[in-house]
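Q: Please see the structure below; I have some questions.
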Amino acid sequence: MRKSITRLWATLIMIVACSDVFCQSWFTLIDDDAGNVEAIAAIKDIADKHGIKICFGVIANDVLRKPDVAKTLLEFQEGGHQICNHSLSHDAQVWKRPTPNSVEKEFERSEEIMDSLGFKSHNYLIYPWGRFDMVTRSWLLALSSKYFSLAFDSRGDVCNLKNYNRYYIHRLPLRKHDNISIIKHEIDKAVETDYNWIVFLTHSAMKRDFSADYVSDVIGYCKVKGLKNVTVEEAYNLLRVQNKLMKGGTEDWTYVDEIMDIIYKHLIYLIVAAICILSISMTIAFYKFKIQQ
């Protein structure tokens with residue numbers, strides 16, 4: 001009887017706490033691939049600097065072959081960071097032309113490896129490449145629901161918690177060549193309207209995209225704007241208690257969307273480049289005119 005009362009009281013406290021949490025937007029950082037110790041240590045240093053917990057999307061076959069990475073990730077896990085499943089192989093032949101049979105084998109084997117290595121709470125999936133057409137999504141999301149509590153795509157920007165699909169949650173990539181003012185504008189919009197979850201995507205081992213200073217600046221801005229930091233598992237527990245685990249509709253992310261996204265996040269650079277080209281063209285035209293005179 002006493003244990004039942006204690007559990008009930010703990011549940012009530014959590015519900016009250018969750019009610020406060022849903023009055024603000026959240027942010028989560030998921031670093032994909034766990035490429036090497038140096039890369040994951042670099043982004044973990046950023047998390048330590050800002051006092052937040054982050055998540056790592058781990059490719060099971062890779063980490064099985066890299067005991068130094070596995071050891072480091074286990075240490076991070078002990079410190080409160082979370083390890084998520086980023087598939088067995090991340091193989092383009094599997095994930096760019098997925099079939100139910102090949103994907104299910106990836107799910108089953110990756111879960112076995114993650115368990116064997118000592119990773120906990122890894123029943124959250126980061127889809128490799130993370131963009132699938134409607135036909136694929138019709139079976140992929142249903143299959144994912146058999147193995148995972150949540151699953152994440154690679155595009156779509158901010159996740160609106162009033163209408164989303166728990167097995168195709170949007171992420172916002174952080175790439176050093178994207179104009180940071182645009183990223184901060186997206187954060188501002190999320191803060192202005194409640195019930196948003198910004199799940200950032202980083203590739204710490206990909207030098208063409210990753211900048212520690214850039215990511216640190218974004219995290220610092222999230223904290224200034226009052227966003228709550230949550231791991232994927234913490235978000236799941238909050239959504240579950242509030243009965244907000246939804247299976248809403250999903251949309252295609254086409255090449256047109258990708259092009260428009262690139263233009264949007266590089267708009268200032270494009271405007272500056274256009275002004276420079278126009279100025280140079282006008283200068284050349286002026287001197288040609290002077291010569292002709």
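Q: R0 = 41 Å: FRET efficiency of ASP188 with ILE291, Cβ-based, nearest 0.05?
A: Approximately 0.20, to the nearest 0.05.
Q: The stretch 30-96: which trypsin sites (Lys or Arg not before Pro) are DSSP loop and have at most 12 other beta-carbon atoms within 10 angstrom?
A: LYS96
Q: I want the local charge near THR136. Using Cβ-Cβ distances under 13 Å, sum +1 for each Lys or Arg and -1 for each Asp or Glu among the other residues.
A: So the environment of THR136 carries a net charge of +1.
Q: Moving on to the next point. Can you compute the modelled spin-label distance between LYS207 and LYS120, with each label point 7 Å from Cα toward Cβ, in nm?
A: 3.7 nm
Q: Right, next: With θ taken as phi - 60° and the coefficients 6.51, -1.76 and 1.60, list the Karplus ³J(HN,Hα) couplings across the stretch 137-152 in order, rounded to whole Hz; mark glycine and proline as x.
A: 4, 4, 10, 5, 5, 5, 5, 4, 5, 6, 10, 10, 7, 9, 9, 10
Q: Could you pull out every residue, at least 5 positions away or on a different chain, whose amide H is within less than 5 Å of the one on VAL199? Hs are placed 1.01 Å off N in the peptide plane, and Pro or chain starts have none.
A: THR28, CYS159, LEU172
Q: Using alpha-carbon pairs under 8 Å, 6+ residues apart, how would you state the relative contact order of the stretch 77-165 in percent? Spell out each step's value before the answer.
A: Values: 86 pairs, mean separation 28.7, N = 89.
Relative contact order of the stretch 77-165: 32 percent.
Q: Can you tell me what percent of all Cα-Cα pairs in the stretch 63-208 are more than 19 Å apart? Each step should come with its number before you reach the end.
A: Working: 6152 of 10585 pairs.
In whole percent, the long-distance tail amounts to 58.
Q: Here's another thing I want to ask about it. Give me the distance between the Cα centres of the stretch 172-230 and the stretch 121-158, rounded to whole Å.
A: Spelled out, the Cα-based centre of one part sits 21 Å from the other.
Q: Can you tell me how much longer the chain between GLN242 and ILE180 gets when fully stretched, taken as 0.36 nm per residue apart minus their C-alpha distance, in nm with one decimal?
A: 19.0 nm
Q: Taking θ = phi - 60°, what integer Hz values does the Karplus form 6.51 cos²θ - 1.76 cosθ + 1.60 yield along the stretch 171-181, in sequence order, with x for Gly and Pro?
A: Those phi angles translate into 10, 10, x, 10, 10, 4, 8, 6, 5, 5, 5 Hz.
Q: Quick query: amide H of MET246 versus all other amide H atoms, modeled in the peptide plane; which residues come in under 5 Å with a sequence gap of 5 or more or a different chain?
A: ARG166
Q: Share of Cα-Cα pairs in the stretch 31-117 beyond 17 Å, in percent?
A: The calculated P(r) of the stretch 31-117 puts 47 percent of pairs beyond 17 Å.
Q: I've got another one for you. Using DSSP to call loops (not H, G, I, E or B), can you name the trypsin sites (Lys or Arg not before Pro) in the stretch 105-159 whose Cβ has at most 16 other Cβ atoms within 10 angstrom?
A: LYS120
Q: If I model a spin label at ALA142 and ALA41 as a point 7 Å from the Cα along the Cα→Cβ vector, what separation in nanometres do I get?
A: For the pair ALA142/ALA41, the computed spacing is 4.7 nm.
Q: Can you work out the PRE-style zone for TYR255? Point 7 Å along Cα to Cβ, and I want the residues of the stretch 143-157 with backbone N under 17 Å.
A: none
Q: Would you grab the residues whose amide H sits under 5 Å from the one on ALA151? Only those 5+ places off in sequence or on another chain, please, with H modelled 1.01 Å from N.
A: Amide H neighbours of ALA151: LEU125, TYR167, TYR168, ILE169.
Q: With a cut-off of at most 14 other beta carbons within 10 Å, and DSSP calling the residue loop, which trypsin sites (Lys or Arg not before Pro) in the stretch 190-261 qualify? Please list them.
A: LYS207, ARG208
Q: Ignoring ligands, DNA and RNA, what percent of the accessible area of the stretch 185-256 is carbon or sulfur (1.4 Å)?
A: Details: 1700 of 3690 Å².
In the stretch 185-256, the share of accessible area belonging to carbon and sulfur is 46 percent.
Q: Would you mind giving the three semi-axes, in whole Å and largest first, of the ellipsoid equivalent to the stretch 152-223 according to its Cα gyration tensor?
A: So the three semi-axes of the stretch 152-223 are 21, 15, 9 Å.
Q: Right, here's the next one. Using the Karplus curve 6.51 cos²θ - 1.76 cosθ + 1.60 with θ = phi - 60°, work out ³J(HN,Hα) for each residue of the stretch 78-89 in order, rounded to whole Hz, and write x for Gly and Pro.
A: 4, x, x, 7, 10, 10, 10, 8, 10, 5, 6, 10
The values are calculated or read from the model by the stated rules, or taken from the named source; none is laboratory data. These numbers come from a predicted model, not from an experiment. Heads up, the Cβs are rebuilt from the backbone with ideal geometry, glycines too, and the neighbour counts pull from every protein chain shown. Each accessible area value is taken on the protein alone, full model and side chains, heavy atoms only, with ligands, DNA and RNA left out. Shrake-Rupley method; radii C 1.70, N 1.55, O 1.52, S 1.80 Å.
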